[in-house]
Amino acid sequence: MPTRYSLFVVFLVAICASNLVVAQNIAGTLESKILALERKWNDAYQRSDITQMDSLLADDFIITIEDGSTYSKNGYIARNGNTTVHVETSDMSDLRVRTHGNTAVVTGAYHEKGTENGKSYDYRDRFTDVWVNTNGKWQVLASHYSLRSSQ
């Protein structure tokens, strides 16, 4: 009887471990997908690719930028279509993804350098992006940027 019990316990532990590995792989795959979408959005922003940004942003998207201004999807896209802004550097780092069902939250550091109306600028921010999966499509619902305390 103890041998049967031991085998049963080993069997249960093996099933639980395999379920954990599968769950971790699924979470890792989702995190990779969200990070790829973040990079896609960042690239679209840097190139002023309005069509790509439109597909990545939810219709009720809202962004809060460093000075506290907020923009809807249309306002953000119009702002990024501004031909007086030339983004030279648009880098993300220290990225972390947390997933909760159909929601993913990405936090990280952001560095942007460029010119606006002929004047140079150089921002180093922290950001939080909220992605939602609606009908199988991941889109950014909200974004918040703030200057690091050293600026």
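Are any residues in the range 1-56 polar (S, T, N, Q), at pLDDT 55 or above and either assigned to a helix (DSSP H, G or I) or out of contact with any helix residue (DSSP H, G or I) (no Cβ under 7 Å at 6 or more places or on another chain) (or both), and if so, which ones?
Going through the range 1-56, the residues polar (S, T, N, Q) turn out to be 3, 6, 18-19, 24-25, 29, 32, 42, 46, 48, 51-52, 55.
Filter once more, keeping what is at pLDDT 55 or above: 3, 6, 29, 32, 42, 46, 48, 51-52, 55.
Passing the criteria: T3, S6, T29, S32, N42, Q46, T51, Q52, S55.
I'd like the residue in the range 24-42 that is without any contact (Cβ under 8 Å) to a residue 24 or more places away in the chain and under 21 Å from S90 (Cβ atoms) and, out of all such residues, is surrounded by the most Cβ atoms within 10 Å (Cβ to Cβ).
Applying the filter and picking the extreme gives K40.
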Can you tell me which residue in the range 82-105 is farthest from the chain's Cα centre (by Cα), limited to those that are closer than 23 Å to D122 by Cα, surrounded by 12 or more Cβ atoms within 10 Å (Cβ to Cβ) and of a type in the set (V, I, T)? V85
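Of all residues in the range 62-81, how many are more than 19 Å from the chain's Cα centre (by Cα) and free of Cβ contacts under 8 Å to residues at least 12 places away in the same chain? Before the answer, list the steps.
From the range 62-81, those more than 19 Å from the chain's Cα centre (by Cα) are 67-69, 74-75, 78-79, 81; that's our starting set.
Then keep just the ones that are free of Cβ contacts under 8 Å to residues at least 12 places away in the same chain; that gives 67-69, 74-75, 78-79.
The qualifying residues number 7.
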Tabulated pairs, the range 97-121, first closer than 12 Å to I34 by Cβ, second of a type in the set (A, V, I, L, M) and not in a strand (DSSP E or B), C-beta under 6 angstrom, 6+ apart or interchain: V97/I34; T99/L30; A104/I34
Could you give every pair whose Cβ atoms fall below 8 Å, whose first residue belongs to the range 134-148 and is touching a residue at least 40 places away in the same chain (Cβ under 8 Å), and whose second residue is among the charged types (D, E, K, R) and not in a strand (DSSP E or B), counting only separations of at least 6 or pairs across chains? W138/K33; Y145/E66; S146/E66; L147/E66
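The values are calculated or read from the model by the stated rules, or taken from the named source; none is laboratory data. Treat the numbers as computed from the prediction; the structure is a model and nothing was measured. Positions of Cβ are generated from backbone atoms using ideal geometry, with glycine treated the same way; all protein chains shown enter the neighbour counts.
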